[in-house]
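The values are calculated or read from the model by the stated rules, or taken from the named source; none is laboratory data. Predicted model only: the values in this text are computed from it and were never measured. Here the Cβ positions follow ideal geometry from the backbone for every residue, glycine too, while neighbour counts run over all protein chains shown. Accessible surface is based on the protein model in full, side chains and every heavy atom, while ligands, DNA and RNA are left aside. Shrake-Rupley method; radii C 1.70, N 1.55, O 1.52, S 1.80 Å.
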Amino acid sequence: MVERTRELMAHLPYLRRYARALTGSPARGDALVTRALEHFLDDDADGPEGGTALRLALYARLNALADESGTGTERGSAHPVEAALNTLDETDRRLYLLVNLEDVTLADAADTLGLVPERAVERLNHSREVVRSHLTAVILIVEDDAIIAFDLAETVRGMGHLVCGNATTMDEALTLAAEHTPTLALMDIRLAEGDNGIEVARELRRQRFLPVIFVTAFPDELAKRGLEHLGPVIPKPFTRDQIEQAITRAVFTPAPEEAKVAAPPAS
């Protein structure tokens, strides 16, 4: 019994990680792990002695317990990665988690889920494409300096995201936002024709929530007006690393409640 307990405890960190991702809740995930361990500690329980085989058996037991108790994932998760995974069929989601999160081989993951290996390859590729598409940002650039706009666009594309257009004025920005529904904007403050990026950001927020990263030579303007809540500021001159880090944070940050109850566009 002592040896069996030691073998099971060696897998505990992996089980907790998988169960929490499986259920979308630390508490519910840990409850599943407890029940799975109790099953394998039973003197009458059948199962492999240890190693990878035991770990795979534990994953299978967690899946079975989740199905038996109806302990599915919390589909309302606001985190972008979880939200992307939650669009998948449940079997596909578990396959993705086993391979990408738990580093289980595709063959072992397919066996754990009762899938034919050839079919598992197709389903995993589909799942990866779905997740990738959900995490690809559509970015609007609002910048009146053509060289800076080009540099920003190249950085965005280099990260695998899409540029829906570059605006130099408020009217252009609002038109592009209405046409393409971007998920993020990189915004200068001093724009062409005397327009102001702060006012563009405020109008976009009024119409529908749109995260904004200000890229400006006037980084103090937001603070002076008490509008820091409109978005983070990257001062010019900037580095590509700064832009990439800011975009990554924006893409992987859960949307605030106001994004879910955004005001409708003015008629």
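Hey, among the residues in segment 201-221 that are over 19 Å from V138 (Cα atoms) and among the hydrophobic types (A, V, I, L, M, F, W, C), which one's least open to solvent (accessible area, probe 1.4 Å)?
Within segment 201-221, the match that is least open to solvent (accessible area, probe 1.4 Å) is A217.
If you scan segment 101-123, which residues turn out to be in contact (Cβ under 8 Å) with a residue 24 or more places away in the chain and out of contact with any Asp or Glu (no Cβ under 8 Å at 6 or more places or on another chain)?
Selection gives L101, E102, V104, D108, D111, T112, L113, L115, A120.
Could you please find all residues in segment 165-200 being of a type in the set (A, V, I, L, M, F, W, C) and open to solvent by less than 20 Å² (accessible area, probe 1.4 Å)?
If the condition is that a residue be of a type in the set (A, V, I, L, M, F, W, C) and open to solvent by less than 20 Å² (accessible area, probe 1.4 Å), then A167, A173, A177, L184, A185, L186, M187, I189, L191, I198, V200 are the ones that fit.
Looking only at helices (runs of 4 or more DSSP H) that lie completely in segment 189-260, which have at least 3 residues being more than 21 Å from H161 (Cβ to Cβ) and within 21 Å of the chain's Cα centre (by Cα)?
By residue number, 257-260.
For segment 172-188, which residues satisfy the criterion of being touching a strand residue (DSSP E or B) at 6+ places or on another chain (Cβ under 6 Å), more than 13 Å from L222 (Cβ to Cβ) and part of a loop (DSSP other than H, G, I, E, B)?
Listed by number, the residues that qualify are P182, T183.
Filter segment 1-59 for residues that are polar (S, T, N, Q) and within 27 Å of the chain's Cα centre (by Cα); which is modelled with the lowest pLDDT?
So, considering only residues that are polar (S, T, N, Q) and within 27 Å of the chain's Cα centre (by Cα), the one modelled with the lowest pLDDT is S25.
Being over 22 Å from F252 (Cα atoms) and at pLDDT 90 or above is the requirement here; does T91 meet it?
It is true that T91 is over 22 Å from F252 (Cα atoms) and at pLDDT 90 or above.
Yes or no: A255 surrounded by fewer than 20 Cβ atoms within 10 Å (Cβ to Cβ) and either hydrophobic (A, V, I, L, M, F, W, C) or at pLDDT 95 or above (or both)?
yes
Taking the stated definitions as given, is I147 open to solvent by less than 40 Å² (accessible area, probe 1.4 Å), at pLDDT 95 or above and within 30 Å of F238 (Cα to Cα)?
Against the criterion (open to solvent by less than 40 Å² (accessible area, probe 1.4 Å), at pLDDT 95 or above and within 30 Å of F238 (Cα to Cα)), I147 does not qualify.
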